[in-house]
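This report concerns only the one structure given below.
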Amino acid sequence: MPLPLMPKATAVWLVENTALTFDQIATFCGLHPLEVKGIADGEVFQGIVGLDPVTHGQISQAELDKAQADPRHHMELLESTNPAPRVRSKGPRYTPVSRRQDRPDAIAWLLRHHPELSDAQLCRLIGTTKPTIKAVRERSHWNSSNIKPVDPVTLGLCSQIELDQAVQKAAERLKSEGGDEDEDYDEANAPEVLEALAEGESEAPEGEEAPVGEEAAGEEGDGEGDESPIPGWAN
């Protein structure tokens with residue numbers, strides 16, 4: 001199903017200005033109902049200015065009124081004369097600079113609530129690297145004292161749909177006999193590695209050499225039997 005030009009901004013406007021249900025908005029904007037609920041609660045997409053889909057020619061007012069009158073009706077986009085957007089080729093996930101310091105918090109949350117996810121899945125889901133995951137798991141991360149588990153959907157590092165798909169894939173892998181981690185994940189092209197090479201990114205404050213220590217911690221902890229639960233974050 002085609003999506004509006006700016007799905008998140010459109011969802012914000014629909015939540016604020018219409019009586020549509022969360023399911024209707026989620027279906028129209030390609031989001032998860034929980035993400036729409038998060039918009040209504042002010043937990044996600046904060047600061048995004050709503051986009052009126054009627055004035056921008058994406059749906060008609062009659063279609064919007066019909067959907068508000070019937071909760072089971074799903075809105076359909078008007079045919080656009082604009083060229084179709086270019087589909088992005090498969091590659092490492094880009095994480096905005098302002099969100100990169102939130103990765104350890106997201107890793108801690110995923111390790112606590114979804115231990116069935118493989119390291120490769122975590123890397124692909126939130127754009128991190130295996131040494132960083134290992135450092136957070138073993139509490140050897142340079143900033144481990146300040147790490148607090150936070151839902152990556154709330155942080156904006158992934159969508160609820162992407163998280164649900166990863167969890168479902170992990171469950172299917174566990175059902176199959178001897179399911180291994182994703183073999184097509186390329187550590188050399190991991191987002192953190194590419195971002196650091198391109199922008200000289202450093203997660204630690206000035207004057208500290210913490211990121212180097214982080215990578216070292218990830219490499220030194222390669223011994224067998226290091227998969228113990230996170231001491232401070234156990235349920």
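Derivation of every value follows stated rules applied to the coordinates shown; laboratory data play no part. Quick caveat: nothing in here was measured; it's all calculated off a predicted structure. Cβ sites come from the backbone with ideal geometry, for glycine too, and all protein chains shown count toward neighbours.
Numerical summary
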{"quantity": "Environment charge at Trp109 (Cβ cut-off 12 Å; Lys +1, Arg +1, Asp -1, Glu -1)", "calculated": "0"}
{"quantity": "Cross-link partners of Lys66 among lysines (Cα-Cα below 30 Å; sequence separation of 8 or more within a chain)", "calculated": "Lys8, Lys37"}
{"quantity": "Protection-proxy order for peptides 164-171, 26-33, each taking the mean of Cβ atoms within 10 Å per residue, highest first", "calculated": "26-33, 164-171"}
